[in-house]
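Enquirer: Following this message is one structure expressed as C-alpha cells.
Please treat every number below as a calculation from the coordinates, not as lab data. What you are looking at is a predicted structure, and each value in this text was computed from that prediction instead of being measured. No Cβ is skipped: glycine too gets one built from the backbone with ideal geometry, and neighbour counts run over all protein chains shown.
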Amino acid sequence: MRTTVNLDDDVAAAVIQRRRESGMGLSETINELVREGLAVPAPKRAYVHRSAPLGLRTDVSNIGEVLDLLDSER
C-alpha cells in the first residue's frame with residue numbers, strides 16, 4: 001500500500017537513527033517499528049508478597065504498647 005504519512009520531528013529522527021543502525025530502507029524500518037508497536041506485550045507476572053516468621057513475640061495490635069516497648073529498648 002502506498003500512502004503519505006507526516007512524522008513528527010522526534011519520530012523521524014528515531015526512524016533515521018534506526019535506519020542507520022540496521023541498514024534497512026525507510027519503508028522496511030517504518031514497517032518494523034509499527035509491528036513492534038502493535039505487538040501485544042507479554043502479560044506481567046502477579047506480585048507475590050513473601051513473608052517469613054521472625055520469631056518475634058510482640059503483640060502489635062496496641063500501637064502505644066509497641067512504641068513504649070521500642071522506647072525502652074534504646
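Enquirer: In whole Hz and in residue order, list the ³J(HN,Hα) couplings for the range 39-48 that follow from phi through the Karplus curve 6.51 cos²θ - 1.76 cosθ + 1.60, θ = phi - 60°; x for Gly and Pro.
Expert: Along the range 39-48, the couplings run 4, 7, x, 5, x, 7, 6, 5, 6, 10 Hz.
Enquirer: Per-residue counts of other Cβ atoms within 10 Å, averaged by peptide: what ranking do you get for 16-25, 59-68, 43-52, highest first?
Expert: On the way: 16-25: 11.6, 59-68: 9.6, 43-52: 5.1.
Highest mean packing first, the order is 16-25, 59-68, 43-52.
Enquirer: OK, next. Could you run the Karplus curve 6.51 cos²θ - 1.76 cosθ + 1.60 with θ = phi - 60° over the range 23-29 and give me ³J(HN,Hα) per residue in whole Hz, x for Gly and Pro?
Expert: These are the phi-based 3J(HN,Hα) values: x, 8, x, 4, 4, 4, 5 Hz.
Enquirer: Testing the spin-label approximation: label points 7 Å from Cα along Cα→Cβ at Leu7 and Arg19. State their distance in nm.
Expert: In this crude spin-label approximation the distance works out to 0.6 nm.
Enquirer: What nm distance separates the two modelled labels at Ala39 and Leu67, each placed 7 Å from Cα along Cα→Cβ?
Expert: 5.3 nm
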